[in-house]
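The values are calculated or read from the model by the stated rules, or taken from the named source; none is laboratory data. Note that the structure is a prediction, hence the values are computed from the model and not measured. Note: ideal-geometry Cβ built from the backbone for every residue, glycine included; neighbour counts use all protein chains shown.
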Amino acid sequence: MPGADPGQQVLPGGRERLRALALQLGGQGRGADAGLGERGDDLVGVAAMSRRGLHKAFIEHLGRTPGEELHRVRIERAKTLLAESNHKMEVLARMCGYQSANSFCVAFKQSTGMSPKLYRDSLVN
C-alpha cells in the first residue's frame, strides 16, 4: 500500500501464521531465546517483516509479544513432552529450546506454578 507505514504491514494468514512462526522457531533447541535471536532477528527474518511490524502484528492478532508467544509455545511443548516421554530434564530443556535444565525448570515453574518433575508426577497419579 503506497505511503503505508512499514510497521503496519498486513500479515497474510494473521493469527494462524504468527502461531506457525512461533511454533517453527519455538522448539528447535537453539537456546533460551531461540527464534528471537539476540534481538529478534530470526523470527523477523522468517516473517519477512520489520521488527516493529512483527511486534505490532503479534500484539494485534494474538494479544502477546513475539517473546511471550514463543514462551507459551515452549511451555506447551514441554507439557506434551513431559506427558508423553521419560526424557531427562536436560534433554527436554534442549528439545524445548532452553540452554540449560535450570533455565527450563525456572521458566516452567513460573508459568505453571509447579516444577516439571511435579507436573510429570501429577499426570501419573
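In summary, residue 25 fulfils each of the numbered conditions (1) at pLDDT 60 or above; (2) buried (at least 17 other Cβ atoms within 10 Å of the Cβ); (3) under 27 Å from residue 91 (Cα atoms) with the single exception of condition (1). Among what's in region 30-79 and is among the small types (Gly, Ala, Ser) and closer than 15 Å to residue 107 by Cβ, pick the residue that is modelled with the highest pLDDT. Per the stated criteria, the residue is 78.
Considering only residues that are under 11 Å from residue 89 (Cα atoms) and of a type outside the set (Lys, Arg), look in region 109-125 and name the one that is surrounded by the most Cβ atoms within 10 Å (Cβ to Cβ). Looking at residues that are under 11 Å from residue 89 (Cα atoms) and of a type outside the set (Lys, Arg), I get 116. State all residues of region 73-92 that are touching a residue at least 12 places away in the same chain (Cβ under 8 Å) and surrounded by 15 or more Cβ atoms within 10 Å (Cβ to Cβ); if no residue qualifies, say none. Across region 73-92, the qualifying residues are 73, 74, 75, 77, 78, 79, 81, 82, 89, 92.
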